[in-house]
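Before any comments, here is the structure.
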Amino acid sequence: MTDFLKKILFIDLIKGLSLTLKYNLSKSFTIRYPDEEKWLPYQRFRGLHTLNKDAQGRELCVACELCAKACPTKCITVVPMEDNNGIGIADRIAKIYEINLVRCMFCGFCEDACPTTAIRMGREYELACFSLDCAKADKQRLLAPQEIPVEFEGGYVIKARLERTKEGIRVRPDLTKKKRWW
C-alpha cells in the first residue's frame, strides 16, 4: 500500500528535487585565481619534488639511486660522483639529478625509498609550461628554496599577486593573510 502511494504521489521525485533545490539555493563561492587568491595545499600534498639540505647547507642526497629504482615510471635519473668539496653529507653526491615531470605519477615512492630524506614531495602544483624543457626538474630547480615553508599549515585560500618574470607569469602567495577553504 505504501509503495502504491509513493508511486502516485511521486515521493521519490519530490525528494530528489528538494535536494537539487537545496543545492541551488545554497551560497556558492568562487576563488578569484590567479588574480587575487591562490589555494595553499595541505602539508601531505604531493606536488613538485624538492631536494633538501641539512642545517649546515650540505646536500642530503648521497646518490644511492634508490629513488630511481623505486620509481614505477622510471622518470628519475641520478648520476653519482665523488664529493671532494664537502658539498654533501657523504663522499658521494648526485652530479645529475633529473626528474621527467611528464612521466611522473607523483606517487611518492621516491620519497619513501630515500634513506636520508633528501627527496620530498613539495607543495607546488602550478607545473604548466609551454615547452618540454621546463617539464624536466633538474638539480638546481629541485634544490631551490620553496616559497611556501614545509611547516606552514595548508588548506587555506591565501591572497596572491601576479608577477611577470623572464620565465613567464608567476603567482606569488602572501602568507600573512589567509582564510579557510570551506
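Laboratory data are not the source of any read-out in this text; all were calculated from the coordinates shown. Source: prediction; values computed, not measured. A quick note on method: Cβ atoms are made from the backbone with ideal geometry, for glycine too, and the neighbour counts reach across all protein chains shown.
The figures follow:
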read-out: Anchor Lys159: aspartates and glutamates whose Cα lies under 12 Å away (excluding residues fewer than 8 positions away in-chain); value: Asp35, Glu36, Glu37, Asp174
read-out: Additional length obtainable on full extension of the chain from Val171 to Met81, 0.36 nm per residue less Cα span; value: 28.8 nm
read-out: Angle in degrees between helix 11-25 and the longest Cα principal axis of the chain, rounded to the nearest 10; value: 50
read-out: Top of Leu143, Leu132, Leu60 by mean-square fluctuation, Gaussian network on the chain, Cα under 10 Å; value: Leu132
read-out: Label-point gap, in nm, between Ala70 and Val102 - each point 7 angstrom along Cα→Cβ; value: 2.6
read-out: Length gained when the stretch Ala144-Ser28 is fully extended (0.36 nm per residue, less Cα-Cα span); value: 38.0 nm
read-out: Cα-centre dipole for the chain with unit charges at Cβ (Lys and Arg positive, Asp and Glu negative), debye to 20; value: 880
read-out: Positive-end extreme of charge dipole, the chain - chosen from Cys71, Ser26, Gln140 (charges on Cβ); value: Ser26
read-out: Exposure proxy ranking, count of Cβ atoms within 10 Å, fewest first, for Glu59, Glu153; value: Glu153, Glu59
read-out: Segment 50-154 - Rg (one decimal) and Dmax (whole number), Cα, Å; value: 13.6, 40
read-out: For Tyr23, Tyr156, order by how many other beta-carbon atoms lie within 10 Å, fewest first; value: Tyr23, Tyr156
read-out: Listed residues Gly108, Tyr125, Ile93: farthest to the positive end of the dipole of segment 30-180 (Cβ charges); value: Tyr125
